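One structure is given below, encoded as C-alpha coordinates.
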Amino acid sequence: MVEKIKQLVGYGEPVARYDEIMSGLYGSVRKRNDIFHFMIIAVEILLLAGLLVSGTDSYKLISAILYVVMMALTIGVFLLERHLTGQVEEEIESYYQLEACFLVIFLIWGGAVTVFDQMRGTGMAIFYFVLFIAAWISMMKPWKTMVIFTAGFLILNMILPGNTSNNFIYGLAAVIIASSLAAGIWHTRIDGKLAELTVAGHYAEIEKKNDALNVQAHLDILTGLGNRFEYEHVIGELMLNANGPIACIYIDANGLHELNNHLGHDAGDEMLRTIGKVILQYFALEESFRIGGDEFVVLCQSSDEMFLEERISAIKRDVEEFNYSVSAGLDYSNYATETEKVIQTAENRMREDKLAFYAGPGAERQKRALNEALEKVLTKKKDTDRFLTVIEPIYKGVYFVDLDTDTVRDVFMTDEFRGFLEKSDNKFSVALQEFSKRMIRKAYFPRIQTLCNYDELREKLEKDKVVKLTYDQMDGYTIRLRIYPVEKTQEEAECTLWIFDEDN
(Lines give C-alpha, C1' and ligand atoms only; values in the text may rest on other atoms or scores of the structure.)
Protein backbone atom coordinates (compact mmCIF):
# COMPACT_ATOMS: atom_id res chain seq x y z
CA MET A 1 0.00 0.00 0.00
CA VAL A 2 2.80 2.39 0.93
CA GLU A 3 4.66 1.64 -2.29
CA LYS A 4 1.49 2.24 -4.29
CA ILE A 5 1.03 5.66 -2.66
CA LYS A 6 4.68 6.53 -3.34
CA GLN A 7 4.20 5.61 -6.97
CA LEU A 8 1.05 7.77 -7.22
CA VAL A 9 2.78 10.85 -5.79
CA GLY A 10 6.00 10.25 -7.75
CA TYR A 11 8.18 9.72 -4.68
CA GLY A 12 10.97 7.17 -4.25
CA GLU A 13 12.15 5.08 -7.20
CA PRO A 14 12.73 7.32 -10.25
CA VAL A 15 10.48 6.97 -13.26
CA ALA A 16 12.16 5.04 -16.05
CA ARG A 17 13.74 7.38 -18.65
CA TYR A 18 12.47 10.41 -16.65
CA ASP A 19 14.96 12.93 -18.08
CA GLU A 20 14.24 11.73 -21.62
CA ILE A 21 10.49 12.00 -20.97
CA MET A 22 10.79 15.56 -19.65
CA SER A 23 12.87 16.52 -22.68
CA GLY A 24 10.26 14.96 -24.95
CA LEU A 25 7.44 16.85 -23.22
CA TYR A 26 9.26 20.18 -23.40
CA GLY A 27 7.73 21.39 -26.66
CA SER A 28 4.10 20.57 -25.82
CA VAL A 29 4.41 21.83 -22.22
CA ARG A 30 5.89 25.11 -23.41
CA LYS A 31 3.06 25.73 -25.90
CA ARG A 32 0.46 24.89 -23.25
CA ASN A 33 2.06 27.10 -20.59
CA ASP A 34 2.35 30.00 -23.03
CA ILE A 35 -1.43 29.81 -23.48
CA PHE A 36 -1.94 29.87 -19.71
CA HIS A 37 0.42 32.82 -19.34
CA PHE A 38 -1.70 34.79 -21.80
CA MET A 39 -4.85 33.62 -20.03
CA ILE A 40 -3.49 34.80 -16.68
CA ILE A 41 -2.68 38.20 -18.16
CA ALA A 42 -6.19 38.42 -19.69
CA VAL A 43 -7.84 37.54 -16.36
CA GLU A 44 -5.68 40.11 -14.55
CA ILE A 45 -6.79 42.78 -17.03
CA LEU A 46 -10.47 41.86 -16.51
CA LEU A 47 -10.13 41.92 -12.71
CA LEU A 48 -8.28 45.21 -12.84
CA ALA A 49 -10.97 46.67 -15.07
CA GLY A 50 -13.65 45.46 -12.65
CA LEU A 51 -11.92 47.21 -9.76
CA LEU A 52 -11.61 50.48 -11.67
CA VAL A 53 -15.27 50.45 -12.74
CA SER A 54 -16.56 49.80 -9.21
CA GLY A 55 -14.73 52.73 -7.68
CA THR A 56 -11.61 52.88 -5.55
CA ASP A 57 -10.65 52.52 -1.91
CA SER A 58 -7.43 51.58 -0.17
CA TYR A 59 -8.09 47.82 -0.45
CA LYS A 60 -9.00 48.04 -4.11
CA LEU A 61 -5.92 50.13 -4.77
CA ILE A 62 -3.67 47.48 -3.20
CA SER A 63 -5.48 44.76 -5.16
CA ALA A 64 -5.01 46.75 -8.36
CA ILE A 65 -1.31 47.07 -7.64
CA LEU A 66 -1.11 43.30 -7.08
CA TYR A 67 -2.84 42.68 -10.44
CA VAL A 68 -0.38 44.95 -12.22
CA VAL A 69 2.57 43.29 -10.48
CA MET A 70 1.35 39.83 -11.49
CA MET A 71 0.90 40.92 -15.08
CA ALA A 72 4.41 42.33 -15.11
CA LEU A 73 5.85 39.13 -13.59
CA THR A 74 3.99 36.93 -16.07
CA ILE A 75 5.21 39.01 -19.01
CA GLY A 76 8.74 38.99 -17.59
CA VAL A 77 8.75 35.19 -17.23
CA PHE A 78 7.35 34.82 -20.76
CA LEU A 79 10.07 37.07 -22.22
CA LEU A 80 12.78 35.36 -20.21
CA GLU A 81 11.68 31.98 -21.54
CA ARG A 82 12.03 33.29 -25.10
CA HIS A 83 15.81 33.06 -24.62
CA LEU A 84 15.60 29.32 -23.90
CA THR A 85 15.66 27.44 -27.20
CA GLY A 86 15.49 23.96 -25.68
CA GLN A 87 18.33 22.80 -27.91
CA VAL A 88 20.39 21.50 -24.99
CA GLU A 89 19.45 19.59 -21.84
CA GLU A 90 20.53 22.44 -19.54
CA GLU A 91 18.09 24.88 -21.19
CA ILE A 92 15.20 22.40 -20.85
CA GLU A 93 15.99 21.92 -17.16
CA SER A 94 16.19 25.71 -16.72
CA TYR A 95 12.76 26.10 -18.31
CA TYR A 96 11.12 23.66 -15.88
CA GLN A 97 12.86 25.34 -12.93
CA LEU A 98 11.67 28.77 -14.09
CA GLU A 99 8.10 27.49 -14.45
CA ALA A 100 8.26 25.97 -10.95
CA CYS A 101 9.40 29.34 -9.51
CA PHE A 102 6.61 31.09 -11.41
CA LEU A 103 4.07 28.65 -9.97
CA VAL A 104 5.23 29.40 -6.39
CA ILE A 105 5.09 33.16 -7.05
CA PHE A 106 1.63 32.73 -8.59
CA LEU A 107 0.41 30.97 -5.43
CA ILE A 108 1.91 33.65 -3.19
CA TRP A 109 0.23 36.32 -5.29
CA GLY A 110 -3.08 34.44 -5.11
CA GLY A 111 -2.80 34.28 -1.34
CA ALA A 112 -2.05 38.01 -1.07
CA VAL A 113 -5.00 38.98 -3.27
CA THR A 114 -7.28 36.63 -1.31
CA VAL A 115 -6.31 38.34 1.96
CA PHE A 116 -7.35 41.73 0.62
CA ASP A 117 -10.47 40.27 -1.00
CA GLN A 118 -11.44 38.78 2.34
CA MET A 119 -11.06 42.19 3.96
CA ARG A 120 -13.49 43.51 1.37
CA GLY A 121 -15.79 40.54 1.98
CA THR A 122 -15.47 39.09 -1.56
CA GLY A 123 -14.42 35.58 -0.54
CA MET A 124 -11.73 33.17 -1.76
CA ALA A 125 -12.51 32.96 -5.49
CA ILE A 126 -9.02 34.15 -6.50
CA PHE A 127 -7.37 31.51 -4.32
CA TYR A 128 -9.40 28.74 -5.94
CA PHE A 129 -8.67 30.15 -9.40
CA VAL A 130 -4.92 30.25 -8.73
CA LEU A 131 -4.93 26.80 -7.17
CA PHE A 132 -6.54 25.04 -10.13
CA ILE A 133 -4.49 26.93 -12.73
CA ALA A 134 -1.33 25.94 -10.84
CA ALA A 135 -2.50 22.30 -10.73
CA TRP A 136 -2.99 22.31 -14.48
CA ILE A 137 0.35 23.87 -15.44
CA SER A 138 2.57 22.19 -12.82
CA MET A 139 5.18 19.76 -14.18
CA MET A 140 6.72 19.11 -10.78
CA LYS A 141 6.41 15.63 -9.28
CA PRO A 142 2.99 15.32 -7.57
CA TRP A 143 4.37 15.18 -4.03
CA LYS A 144 6.19 18.50 -4.54
CA THR A 145 3.02 20.12 -5.88
CA MET A 146 1.04 18.76 -2.91
CA VAL A 147 3.59 20.15 -0.44
CA ILE A 148 3.48 23.61 -2.07
CA PHE A 149 -0.33 23.66 -2.23
CA THR A 150 -0.71 22.53 1.39
CA ALA A 151 1.92 24.93 2.70
CA GLY A 152 0.33 27.82 0.81
CA PHE A 153 -3.12 26.92 2.14
CA LEU A 154 -1.97 26.66 5.76
CA ILE A 155 -0.07 29.97 5.64
CA LEU A 156 -3.08 31.67 4.04
CA ASN A 157 -5.42 30.41 6.75
CA MET A 158 -3.09 31.63 9.50
CA ILE A 159 -3.04 35.20 8.17
CA LEU A 160 -6.53 35.36 6.66
CA PRO A 161 -8.61 37.98 8.53
CA GLY A 162 -12.06 36.93 9.72
CA ASN A 163 -11.43 33.34 8.68
CA THR A 164 -14.27 30.87 9.17
CA SER A 165 -14.53 27.12 9.45
CA ASN A 166 -16.29 27.08 6.09
CA ASN A 167 -13.35 28.82 4.44
CA PHE A 168 -10.99 26.27 5.99
CA ILE A 169 -13.05 23.25 4.93
CA TYR A 170 -13.72 24.54 1.42
CA GLY A 171 -10.09 25.59 1.02
CA LEU A 172 -8.81 22.20 2.22
CA ALA A 173 -11.18 20.45 -0.18
CA ALA A 174 -9.88 22.65 -3.00
CA VAL A 175 -6.28 21.74 -2.09
CA ILE A 176 -7.09 18.01 -2.13
CA ILE A 177 -8.93 18.25 -5.47
CA ALA A 178 -6.21 20.42 -7.03
CA SER A 179 -3.45 18.08 -5.77
CA SER A 180 -5.30 15.06 -7.17
CA LEU A 181 -5.80 16.89 -10.46
CA ALA A 182 -2.09 17.74 -10.63
CA ALA A 183 -1.13 14.12 -9.88
CA GLY A 184 -3.52 12.77 -12.51
CA ILE A 185 -2.35 15.20 -15.18
CA TRP A 186 1.29 14.51 -14.36
CA HIS A 187 0.87 10.73 -14.63
CA THR A 188 -1.12 11.08 -17.85
CA ARG A 189 1.63 13.17 -19.45
CA ILE A 190 4.49 11.02 -18.15
CA ASP A 191 2.88 7.68 -19.02
CA GLY A 192 1.77 8.96 -22.43
CA LYS A 193 5.24 10.21 -23.33
CA LEU A 194 6.87 7.01 -22.02
CA ALA A 195 4.54 4.94 -24.21
CA GLU A 196 5.34 7.22 -27.15
CA LEU A 197 9.08 6.88 -26.59
CA THR A 198 8.75 3.11 -26.20
CA VAL A 199 6.83 2.81 -29.45
CA ALA A 200 9.30 5.13 -31.18
CA GLY A 201 12.17 3.03 -29.83
CA HIS A 202 10.59 -0.17 -31.11
CA TYR A 203 9.95 1.47 -34.48
CA ALA A 204 13.55 2.73 -34.65
CA GLU A 205 14.81 -0.75 -33.76
CA ILE A 206 12.63 -2.26 -36.48
CA GLU A 207 13.91 0.34 -38.96
CA LYS A 208 17.48 -0.40 -37.91
CA LYS A 209 16.95 -4.12 -38.40
CA ASN A 210 15.27 -3.47 -41.75
CA ASP A 211 18.21 -1.34 -42.82
CA ALA A 212 20.60 -4.08 -41.71
CA LEU A 213 18.58 -6.70 -43.58
CA ASN A 214 18.49 -4.46 -46.63
CA VAL A 215 22.27 -4.09 -46.49
CA GLN A 216 22.68 -7.85 -46.04
CA ALA A 217 20.38 -8.44 -48.99
CA HIS A 218 22.67 -6.40 -51.24
CA LEU A 219 26.14 -7.07 -49.77
CA ASP A 220 28.33 -10.14 -49.63
CA ILE A 221 28.77 -10.88 -45.93
CA LEU A 222 32.32 -12.19 -46.24
CA THR A 223 33.93 -9.40 -48.30
CA GLY A 224 31.54 -6.46 -47.91
CA LEU A 225 31.26 -6.08 -51.69
CA GLY A 226 27.99 -6.16 -53.59
CA ASN A 227 26.55 -9.68 -53.84
CA ARG A 228 25.16 -11.43 -56.89
CA PHE A 229 21.67 -10.06 -56.28
CA GLU A 230 23.02 -6.49 -56.31
CA TYR A 231 25.24 -7.32 -59.30
CA GLU A 232 22.29 -8.46 -61.40
CA HIS A 233 20.24 -5.45 -60.28
CA VAL A 234 23.01 -3.07 -61.38
CA ILE A 235 23.30 -4.80 -64.75
CA GLY A 236 19.58 -4.26 -65.33
CA GLU A 237 19.84 -0.59 -64.36
CA LEU A 238 22.83 -0.03 -66.63
CA MET A 239 21.18 -1.61 -69.64
CA LEU A 240 17.91 0.29 -69.16
CA ASN A 241 18.92 3.70 -67.86
CA ALA A 242 22.65 4.35 -68.25
CA ASN A 243 24.14 6.42 -71.03
CA GLY A 244 27.76 6.45 -72.12
CA PRO A 245 30.52 3.84 -71.80
CA ILE A 246 30.69 0.72 -69.64
CA ALA A 247 33.72 -1.34 -68.58
CA CYS A 248 33.99 -4.72 -66.87
CA ILE A 249 36.95 -6.19 -65.01
CA TYR A 250 36.39 -9.87 -64.29
CA ILE A 251 38.64 -11.20 -61.50
CA ASP A 252 39.14 -14.75 -60.25
CA ALA A 253 41.14 -15.85 -57.19
CA ASN A 254 43.84 -18.34 -58.15
CA GLY A 255 44.18 -21.42 -55.97
CA LEU A 256 41.21 -21.01 -53.63
CA HIS A 257 40.43 -24.72 -53.80
CA GLU A 258 44.03 -25.70 -53.03
CA LEU A 259 44.19 -23.17 -50.17
CA ASN A 260 41.03 -24.60 -48.59
CA ASN A 261 42.44 -28.12 -48.86
CA HIS A 262 45.83 -27.21 -47.37
CA LEU A 263 44.94 -24.70 -44.65
CA GLY A 264 41.18 -24.93 -44.20
CA HIS A 265 38.25 -22.75 -45.16
CA ASP A 266 39.21 -20.00 -42.70
CA ALA A 267 42.38 -19.43 -44.71
CA GLY A 268 40.34 -19.40 -47.92
CA ASP A 269 37.92 -16.86 -46.44
CA GLU A 270 40.84 -14.65 -45.44
CA MET A 271 42.10 -14.78 -49.01
CA LEU A 272 38.72 -13.66 -50.37
CA ARG A 273 38.44 -10.87 -47.78
CA THR A 274 41.90 -9.63 -48.73
CA ILE A 275 41.09 -9.53 -52.42
CA GLY A 276 37.86 -7.65 -51.66
CA LYS A 277 39.76 -5.05 -49.62
CA VAL A 278 42.30 -4.57 -52.41
CA ILE A 279 39.55 -4.06 -55.01
CA LEU A 280 37.93 -1.39 -52.82
CA GLN A 281 41.22 0.52 -52.77
CA TYR A 282 40.82 1.17 -56.50
CA PHE A 283 37.08 1.06 -57.20
CA ALA A 284 33.97 2.30 -55.41
CA LEU A 285 31.76 -0.07 -53.42
CA GLU A 286 28.82 0.40 -55.78
CA GLU A 287 31.07 -0.75 -58.67
CA SER A 288 32.51 -3.86 -56.96
CA PHE A 289 30.88 -7.29 -56.59
CA ARG A 290 31.63 -10.81 -55.47
CA ILE A 291 29.37 -12.94 -57.65
CA GLY A 292 30.55 -16.45 -56.80
CA GLY A 293 32.93 -18.46 -54.64
CA ASP A 294 36.15 -17.00 -56.09
CA GLU A 295 34.80 -14.62 -58.74
CA PHE A 296 34.78 -10.84 -58.51
CA VAL A 297 33.46 -8.27 -61.00
CA VAL A 298 33.98 -4.53 -61.32
CA LEU A 299 31.47 -2.58 -63.43
CA CYS A 300 32.35 1.08 -64.02
CA GLN A 301 31.34 3.65 -66.60
CA SER A 302 34.71 4.24 -68.21
CA SER A 303 36.39 3.64 -71.55
CA ASP A 304 39.91 4.67 -70.55
CA GLU A 305 41.75 1.44 -71.34
CA MET A 306 45.10 2.64 -69.97
CA PHE A 307 43.53 3.72 -66.70
CA LEU A 308 41.76 0.36 -66.31
CA GLU A 309 44.87 -1.68 -67.20
CA GLU A 310 46.85 0.25 -64.59
CA ARG A 311 44.20 -0.54 -61.98
CA ILE A 312 44.30 -4.26 -62.87
CA SER A 313 48.10 -4.30 -62.53
CA ALA A 314 47.85 -2.51 -59.17
CA ILE A 315 45.28 -5.00 -57.88
CA LYS A 316 47.45 -7.96 -58.93
CA ARG A 317 50.54 -6.39 -57.36
CA ASP A 318 48.82 -5.63 -54.05
CA VAL A 319 47.27 -9.09 -53.84
CA GLU A 320 50.66 -10.71 -54.41
CA GLU A 321 52.04 -8.82 -51.42
CA PHE A 322 49.76 -11.04 -49.33
CA ASN A 323 51.07 -14.17 -51.10
CA TYR A 324 47.85 -14.54 -53.07
CA SER A 325 47.23 -14.36 -56.82
CA VAL A 326 44.36 -13.37 -59.13
CA SER A 327 43.60 -13.65 -62.82
CA ALA A 328 41.75 -10.81 -64.56
CA GLY A 329 40.10 -9.94 -67.85
CA LEU A 330 38.99 -6.56 -69.19
CA ASP A 331 36.53 -5.35 -71.80
CA TYR A 332 34.64 -2.11 -72.40
CA SER A 333 32.17 -0.47 -74.75
CA ASN A 334 30.96 3.03 -75.49
CA TYR A 335 27.39 1.86 -75.00
CA ALA A 336 26.06 0.69 -71.62
CA THR A 337 23.34 -1.27 -73.40
CA GLU A 338 26.09 -3.78 -74.32
CA THR A 339 26.86 -4.54 -70.67
CA GLU A 340 26.13 -8.28 -70.90
CA LYS A 341 28.37 -8.66 -73.97
CA VAL A 342 31.17 -6.74 -72.23
CA ILE A 343 30.92 -8.97 -69.15
CA GLN A 344 31.07 -12.16 -71.23
CA THR A 345 34.17 -10.96 -73.10
CA ALA A 346 35.88 -9.92 -69.86
CA GLU A 347 35.15 -13.34 -68.34
CA ASN A 348 36.64 -15.13 -71.37
CA ARG A 349 39.80 -13.00 -71.14
CA MET A 350 40.05 -13.76 -67.42
CA ARG A 351 40.00 -17.48 -68.19
CA GLU A 352 42.78 -17.00 -70.74
CA ASP A 353 44.80 -15.17 -68.07
CA LYS A 354 44.11 -17.99 -65.63
CA LEU A 355 45.35 -20.65 -68.10
CA ALA A 356 48.53 -18.62 -68.61
CA PHE A 357 49.03 -18.42 -64.84
CA TYR A 358 48.81 -22.19 -64.33
CA ALA A 359 50.97 -22.83 -67.40
CA GLY A 360 53.70 -20.50 -66.13
CA PRO A 361 55.82 -20.25 -62.97
CA GLY A 362 53.03 -18.62 -60.95
CA ALA A 363 51.35 -21.90 -60.11
CA GLU A 364 54.61 -23.41 -58.83
CA ARG A 365 55.29 -20.38 -56.63
CA GLN A 366 51.83 -20.60 -55.20
CA LYS A 367 52.25 -24.32 -54.45
CA ARG A 368 55.53 -23.67 -52.61
CA ALA A 369 53.93 -20.87 -50.60
CA LEU A 370 51.06 -23.15 -49.61
CA ASN A 371 53.44 -25.89 -48.49
CA GLU A 372 55.46 -23.43 -46.41
CA ALA A 373 52.29 -22.08 -44.79
CA LEU A 374 51.16 -25.63 -44.00
CA GLU A 375 54.51 -26.43 -42.39
CA LYS A 376 54.19 -23.35 -40.18
CA VAL A 377 50.69 -24.39 -39.10
CA LEU A 378 51.88 -27.91 -38.26
CA THR A 379 54.82 -26.51 -36.31
CA LYS A 380 52.56 -24.17 -34.37
CA LYS A 381 50.18 -27.03 -33.61
CA LYS A 382 53.08 -29.16 -32.39
CA ASP A 383 54.29 -26.32 -30.15
CA THR A 384 50.78 -25.78 -28.80
CA ASP A 385 50.35 -29.46 -28.02
CA ARG A 386 53.71 -29.48 -26.23
CA PHE A 387 52.71 -26.39 -24.23
CA LEU A 388 49.43 -27.94 -23.15
CA THR A 389 51.08 -31.24 -22.19
CA VAL A 390 54.05 -29.86 -20.26
CA ILE A 391 52.80 -26.74 -18.47
CA GLU A 392 49.05 -27.19 -18.24
CA PRO A 393 49.36 -28.43 -14.62
CA ILE A 394 51.21 -25.22 -13.68
CA TYR A 395 49.40 -22.46 -15.58
CA LYS A 396 45.78 -21.64 -14.77
CA GLY A 397 45.33 -19.18 -17.60
CA VAL A 398 47.28 -17.12 -20.14
CA TYR A 399 45.35 -14.37 -21.94
CA PHE A 400 45.85 -11.34 -24.14
CA VAL A 401 43.26 -8.76 -22.99
CA ASP A 402 42.36 -5.68 -25.06
CA LEU A 403 41.60 -2.94 -22.49
CA ASP A 404 39.71 -0.83 -25.06
CA THR A 405 37.14 -3.49 -25.92
CA ASP A 406 37.41 -5.76 -22.83
CA THR A 407 37.88 -8.73 -25.17
CA VAL A 408 40.27 -11.62 -24.69
CA ARG A 409 42.42 -13.81 -26.92
CA ASP A 410 43.55 -16.89 -25.04
CA VAL A 411 46.84 -18.74 -25.22
CA PHE A 412 45.64 -21.17 -22.59
CA MET A 413 42.18 -21.18 -20.96
CA THR A 414 40.60 -23.67 -18.58
CA ASP A 415 37.18 -25.05 -19.47
CA GLU A 416 35.85 -23.67 -16.18
CA PHE A 417 36.81 -20.08 -16.98
CA ARG A 418 35.59 -20.47 -20.57
CA GLY A 419 32.11 -21.15 -19.18
CA PHE A 420 32.13 -17.87 -17.25
CA LEU A 421 33.41 -16.02 -20.35
CA GLU A 422 30.59 -17.34 -22.53
CA LYS A 423 27.96 -16.34 -19.95
CA SER A 424 29.42 -12.80 -19.77
CA ASP A 425 29.10 -12.19 -23.51
CA ASN A 426 32.89 -12.59 -23.84
CA LYS A 427 33.62 -9.58 -21.58
CA PHE A 428 36.85 -10.49 -19.76
CA SER A 429 36.42 -8.22 -16.71
CA VAL A 430 32.86 -9.46 -16.10
CA ALA A 431 33.92 -13.11 -16.44
CA LEU A 432 36.91 -12.62 -14.13
CA GLN A 433 34.78 -11.04 -11.40
CA GLU A 434 32.12 -13.76 -11.61
CA PHE A 435 34.83 -16.44 -11.58
CA SER A 436 36.43 -14.78 -8.53
CA LYS A 437 33.14 -14.67 -6.60
CA ARG A 438 32.87 -18.44 -6.94
CA MET A 439 36.50 -19.55 -6.77
CA ILE A 440 38.66 -17.24 -4.60
CA ARG A 441 38.48 -16.26 -0.94
CA LYS A 442 36.39 -13.15 -0.25
CA ALA A 443 39.27 -11.16 1.19
CA TYR A 444 40.94 -11.00 -2.23
CA PHE A 445 37.86 -10.09 -4.28
CA PRO A 446 38.18 -6.26 -3.85
CA ARG A 447 41.69 -6.43 -5.30
CA ILE A 448 40.41 -8.36 -8.32
CA GLN A 449 37.74 -5.67 -8.79
CA THR A 450 40.46 -3.01 -8.74
CA LEU A 451 42.29 -4.79 -11.57
CA CYS A 452 39.06 -4.80 -13.57
CA ASN A 453 39.04 -1.00 -13.45
CA TYR A 454 41.10 -0.56 -16.61
CA ASP A 455 41.77 3.16 -16.06
CA GLU A 456 43.51 2.39 -12.76
CA LEU A 457 45.24 -0.61 -14.33
CA ARG A 458 46.67 1.55 -17.11
CA GLU A 459 48.12 3.95 -14.53
CA LYS A 460 49.71 1.08 -12.57
CA LEU A 461 51.20 -0.47 -15.70
CA GLU A 462 52.60 2.87 -16.82
CA LYS A 463 54.18 3.36 -13.42
CA ASP A 464 55.34 -0.16 -12.46
CA LYS A 465 55.52 -1.89 -15.91
CA VAL A 466 54.07 -5.05 -14.35
CA VAL A 467 51.16 -5.56 -11.94
CA LYS A 468 51.29 -8.53 -9.57
CA LEU A 469 48.72 -10.13 -7.29
CA THR A 470 48.85 -13.34 -5.22
CA TYR A 471 45.58 -14.78 -3.90
CA ASP A 472 44.16 -17.95 -2.37
CA GLN A 473 41.45 -20.01 -4.04
CA MET A 474 38.66 -21.88 -2.27
CA ASP A 475 40.31 -25.20 -3.23
CA GLY A 476 43.45 -24.32 -1.24
CA TYR A 477 45.71 -23.39 -4.17
CA THR A 478 47.65 -20.12 -4.08
CA ILE A 479 47.62 -18.38 -7.45
CA ARG A 480 50.00 -15.74 -8.71
CA LEU A 481 48.72 -13.24 -11.30
CA ARG A 482 51.04 -11.06 -13.38
CA ILE A 483 49.86 -8.45 -15.88
CA TYR A 484 52.23 -7.03 -18.50
CA PRO A 485 51.73 -4.30 -21.11
CA VAL A 486 52.25 -5.56 -24.65
CA GLU A 487 53.87 -3.52 -27.39
CA LYS A 488 51.16 -1.50 -29.15
CA THR A 489 50.03 -2.51 -32.62
CA GLN A 490 47.34 -1.27 -34.98
CA GLU A 491 45.19 -4.27 -34.17
CA GLU A 492 45.56 -4.15 -30.39
CA ALA A 493 46.01 -0.59 -29.19
CA GLU A 494 45.71 -1.43 -25.49
CA CYS A 495 46.71 -5.10 -25.28
CA THR A 496 47.88 -6.64 -22.00
CA LEU A 497 49.17 -10.10 -21.09
CA TRP A 498 47.60 -11.78 -18.03
CA ILE A 499 49.35 -14.87 -16.65
CA PHE A 500 47.81 -17.00 -13.86
CA ASP A 501 50.00 -19.75 -12.39
CA GLU A 502 50.46 -21.66 -9.13
CA ASP A 503 52.65 -19.99 -6.52
CA ASN A 504 54.76 -22.81 -5.14
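The values are calculated or read from the model by the stated rules, or taken from the named source; none is laboratory data. Just so you know, these numbers come straight off a predicted model, no measurement behind them. Neighbour counts run over all protein chains shown; Cβ positions are idealised from the backbone, glycine included. We work out accessible area using only protein heavy atoms, side chains counted, and drop any ligands, DNA or RNA first. Shrake-Rupley method; radii C 1.70, N 1.55, O 1.52, S 1.80 Å.
Values computed for the structure shown
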{"read-out": "Relative contact order (percent, whole number), the chain, Cα cutoff 8 Å, 6+ residue spacing", "value": "9"}
{"read-out": "Pair ILE62, ASP425: separation of 7 Å Cα→Cβ label points (nm)", "value": "6.5"}
{"read-out": "Exposure of THR478 as accessible area (Å², to 10), given a probe of 1.4 Å and all protein chains", "value": "40"}
{"read-out": "Positive-end residue, the chain charge dipole about Cα centroid, Cβ charges, pick of GLY50, ILE159, CYS300", "value": "ILE159"}
{"read-out": "Local electrostatic count at GLY244 - Lys and Arg +1, Asp and Glu -1, tallied over other residues with Cβ under 14 Å", "value": "-3"}
{"read-out": "Separation between Cα centres of region 133-178 and region 258-289, rounded to whole Å", "value": "75"}
{"read-out": "Pairs beyond 24 Å (Cα-Cα), from LYS316/LYS354; LYS442/LYS465; LYS396/LYS463; LYS4/LYS193; LYS437/LYS463", "value": "LYS442/LYS465; LYS396/LYS463; LYS437/LYS463"}
{"read-out": "Qualifying aspartates and glutamates (Cα of each under 15 Å from Cα of LYS423; at least 8 residues distant if same chain)", "value": "ASP406, ASP415, GLU434"}
{"read-out": "Exposure ranking of TYR96, TYR11, TYR250, TYR335 by accessible area [1.4 Å probe, largest first]", "value": "TYR335, TYR11, TYR96, TYR250"}
{"read-out": "Positive-end residue of ALA182, VAL234, LEU280, charge dipole of region 156-300 with Cβ unit charges", "value": "ALA182"}
{"read-out": "Cα gyration tensor, region 181-280 - rounded (a/c under 1.5), prolate or oblate", "value": "oblate"}
{"read-out": "Cα principal axis extents for the chain, largest first, Å", "value": "117, 79, 41"}
{"read-out": "Acute angle (nearest 10 degrees) that the helix 165-218 long axis makes with the longest principal axis of the chain, alpha-carbon atoms", "value": "10"}
{"read-out": "Protection proxy ranking of 458-465, 138-145 - average other beta-carbon atoms within 10 Å, highest first", "value": "138-145, 458-465"}
{"read-out": "The chain, accessible surface, carbon-and-sulfur percent (1.4 angstrom probe)", "value": "58"}
{"read-out": "Dipole of the chain, positive end: most advanced residue of ALA443, ILE483, HIS218 [Cβ charges, Cα centre]", "value": "ALA443"}
{"read-out": "Rounded to whole Å, sorted largest first: equivalent-ellipsoid semi-axes of region 26-149, Cα gyration tensor", "value": "29, 16, 11"}
{"read-out": "With Cα atoms, 0 to 90° folded angle of helix 125-137 axis to the chain main axis", "value": "0"}
{"read-out": "Solvent accessible area, Å² - TYR399, 1.4 Å probe, full protein context", "value": "10"}
{"read-out": "Cβ-based net charge around PRO446, under 13 Å, with every Lys or Arg adding one and every Asp or Glu removing one", "value": "+3"}
{"read-out": "Probe 1.4 Å - accessible area at TRP109, Å² to nearest ten", "value": "10"}
{"read-out": "Summed side-chain charge close to GLU422 - residues other than GLU422 whose Cβ falls under 13 Å, Lys, Arg +1, Asp, Glu -1", "value": "-2"}
{"read-out": "Using a Förster distance of 51 Å, the FRET efficiency for TYR444-ALA16 (Cβ separation, nearest 0.05)", "value": "0.90"}
{"read-out": "Acute angle (nearest 10 degrees) that the helix 265-282 long axis makes with the longest principal axis of the chain, alpha-carbon atoms", "value": "70"}
{"read-out": "Contour excess over end-to-end distance, with Cα ends at ARG458 and HIS265 and 0.36 nm allotted per residue", "value": "65.7 nm"}
